[in-house]
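*Asks:* Structure incoming, see below.
No value in this document is a laboratory result; all are computed from the given coordinates. Fair warning: this is a prediction, and the values are worked out from it, not measured in the lab. Neighbour counts are summed over all protein chains in view; Cβ atoms, including those assigned to glycine, are modelled from backbone coordinates with ideal geometry.
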Amino acid sequence: MRITKVRAVPHTVHNTLTGWKISTGGSDTHSLIFIRIDTDKGVFGVGVASPGQIFISGDTQAHCLEMINQVFGPAIVGTDPFDIEAIVSELDGLSKGVERAKAGIDLALYDLMGKALAVPANALFGGAVRERVRVTRLMGMYAPKEMAEKSSAIVRKGYTALKLKVGTTLKEDVERVQRVREAVGPDVTITIDFNMHCTPKEAIERIQKMDPYDVAIAEQPVKDTNLRGMALVRQNVRPLILADESVHSAVDALRVIENEAADVLSLKIPKMGGIFKVRKVAAVCEAAGVGYLIGTAPGSRLLDAANVHLAVSLRDLSLPCEIGEFERMGNDPCRGFEIVEGFSTPPQRPGLGVEVDLTKLDLGS
Ligand SMILES: [Mg+2]
């Protein structure tokens, strides 16, 4: 089987929870790219790239689109889609970084391979070691009272894990956690995400002041490069420390682990360049005895379907994963995949297993 054509098109979804912010910025829209890869056997796959907000990724939809259509796509035409190690290596040789564009190609290849063999995507990377995964839902940084109301609405849908964006003042951050805890009750797992907002000492003070409200995980309290600062926070607070912005690759994971900077690493398909590369980062974590979870990149059912295929395949996964944010996105061209009672189960149809409206995307029918 040979790849005959790679096409990528832009698509924008919008956040139905408007006014969403994190400590480094905010936007109510998410720019995505849908990618279709065709073969000489008539089988094709569809993937999605999430270029990310520019204040997080430093990248844009236009740049990722150009890289896929002008550079990566032409380079893989003529190759066997099952030669994924060779393809990933080829793309890395063509361009340093641009992992988010590469991830879209990786997803389209897994969709394609699954369809070619009539198996769900997770069967291509070892199969499922669990049936379903508990889902953590995210909550943007709003005023404390509003945040508590919005969080309650999510818990009422059956979710049992929440991640709260924080990172303004000490007083406001502590009040956010207090009000949400009071609103959702004692049984909900609460993570807080500073998105690098604090100095190490500020982070220690805030997390300690939140102690009465039972925070389970504190994510990226300090700047991505400050691994010694992360280690200092980790030594002085009770919650698990989760590294996100500090880890984009297996090499980063090794540095975080060497510095004893985190208890858990946030694995993300767009940030790390696709499922194939994420599983290599996961292997580093498993070797070191460090935890991991699947972190979010909001956008589409197609991406979260890929996320759950990956999550069920990870042997050491024990924490809930951020794989349900498609629920708050409008204009998703995908269907046939939903979260049930706070848990996600991978679609059993071949490939990623989601129905994509190709006509809407101008990618054929
Ligand atoms: Mg994060």
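*Asks:* Which translational diffusion coefficient, to the nearest whole µm²/s, is obtained for the stretch 125-355 from the Stokes-Einstein equation, given a Kirkwood hydrodynamic radius over C-alpha pairs, 25 °C and 0.890 mPa s?
*Replies:* Translational D for this selection: 138 µm²/s.
*Asks:* What is the calculated FRET efficiency for F55 to T345, with r their C-beta to C-beta distance and R₀ = 30 Å, to the nearest 0.05?
*Replies:* The calculated FRET efficiency here is 0.35.
*Asks:* By how many degrees, between 0 and 90 and to the nearest 10, does the Cα long axis of helix 170-184 differ from the longest principal axis of the chain?
*Replies:* 80
*Asks:* Using only Cα atoms, find the angle between the long axis of helix 301-313 and the longest principal axis of the chain, and express it within 0 to 90 degrees, rounded to the nearest 10.
*Replies:* Between helix and principal axis, roughly 80 degrees.
*Asks:* Could you pull out every one of the lysines with an alpha carbon less than 23 Å from that of K171, ignoring same-chain neighbours closer than 8 positions?
*Replies:* Within reach: K21, K145, K150, K163, K201, K209, K223.
*Asks:* Exposure proxy check: E131, E175 ranked by fewest other beta carbons within 10 Å?
*Replies:* With the sparsest Cβ surroundings first, the list reads E131, E175.
*Asks:* Which trypsin sites (Lys or Arg not before Pro) from the stretch 85-132 combine a DSSP loop assignment with at most 11 other Cβ atoms within 10 Å?
*Replies:* For trypsin sites (Lys or Arg not before Pro) across the stretch 85-132 that sit outside H, G, I, E and B with at most 11 neighbouring Cβ atoms in 10 Å, the list reads K96.
*Asks:* Return one number: the angle in degrees, 0 to 90 and rounded to the nearest 10, between the long axis of the Cα atoms of helix 84-94 and the longest principal axis of the Cα atoms of the chain.
*Replies:* Long axis of 84-94 versus the principal axis of the chain: about 80 degrees.
*Asks:* Note down the net charge around L162, summing +1 for each Lys or Arg and -1 for each Asp or Glu among other residues with Cβ under 14 Å from its Cβ.
*Replies:* Counting the neighbours of L162, the net charge comes to +2.
*Asks:* Only four residue types carry charge here, +1 at the Cβ of Lys and Arg and -1 at the Cβ of Asp and Glu. Report the dipole size of the stretch 3-118 about the Cα centre in Debye, rounded to the nearest 20.
*Replies:* 320
*Asks:* Let me ask you something else. Using +1 at the C-beta of Lys and Arg and -1 at the C-beta of Asp and Glu, which of V48, Y110, V88 has the Cα lying farthest in the positive direction of the dipole of the stretch 3-118?
*Replies:* About the Cα centre, the residue reaching furthest to the positive side is V48.
*Asks:* Can you give the FRET efficiency to the nearest 0.05 for S89 and L254, using r as the Cβ-Cβ distance and R₀ = 22 Å?
*Replies:* Calculated value: 0.70.
*Asks:* Now, a different point. Can you find, among G273, S300, A288, the residue farthest towards the positive end of the dipole of the stretch 259-356? Put +1 on the C-beta of Lys and Arg, -1 on that of Asp and Glu.
*Replies:* Looking along the dipole axis, the top candidate is G273.
*Asks:* Mind jotting down the distance between the C-alpha centroids of the stretch 43-93 and the stretch 152-225, whole Å?
*Replies:* Cα centroid of the stretch 152-225 versus Cα centroid of the stretch 43-93: 35 Å apart.
*Asks:* Which value, in debye to the nearest 20, gives the size of the charge dipole of the stretch 252-323 about its Cα centre, when Lys and Arg are +1 and Asp and Glu are -1 at the Cβ?
*Replies:* Computed charge dipole of the stretch 252-323: roughly 360 debye.
*Asks:* A further question follows. Using Cα positions and a limit of under 17 Å, work out the lysines in reach of K41, with same-chain residues fewer than 8 apart set aside.
*Replies:* Within the straight-line limit of under 17 Å, K41 reaches these lysines: K5, K115.
*Asks:* Follow-up question, since we're still on this one. So, in nm, how far is label K201 from label R335 when the simple model puts each one 7 Å beyond its Cα toward the Cβ?
*Replies:* For the pair K201/R335, the computed spacing is 5.8 nm.
*Asks:* With each pseudo-label sitting 7 Å past Cα toward Cβ, what's the T18-V119 distance in nm, one decimal?
*Replies:* Reported label-point gap for T18 and V119 is 4.7 nm.
*Asks:* Out of residues 5 or more away from T4 or on other chains, whose amide H comes under 5 Å of its own, with H placed 1.01 Å from N in the peptide plane?
*Replies:* Excluding prolines and chain starts, which carry no amide H, the hits are D38, T39, D40, G78.
*Asks:* Just to verify a number: FRET efficiency for D316 and D357, C-beta to C-beta distance, R0 = 35 Å, to 0.05?
*Replies:* 0.45
*Asks:* A follow-up question, please. Hey, what number do you get for the chain at 222 nm if only DSSP H runs of n ≥ 4 count, each worth -39500 (n - 2.57), divided across all residues, to the nearest 500?
*Replies:* -10500 deg cm²/dmol
*Asks:* Determine the dipole magnitude for the chain: charges of +1 sit on the beta-carbon of Lys and Arg, -1 on that of Asp and Glu, nothing else is charged, the reference point is the Cα centre, and the result goes in debye to the nearest 20.
*Replies:* Computed charge dipole of the chain: roughly 280 debye.
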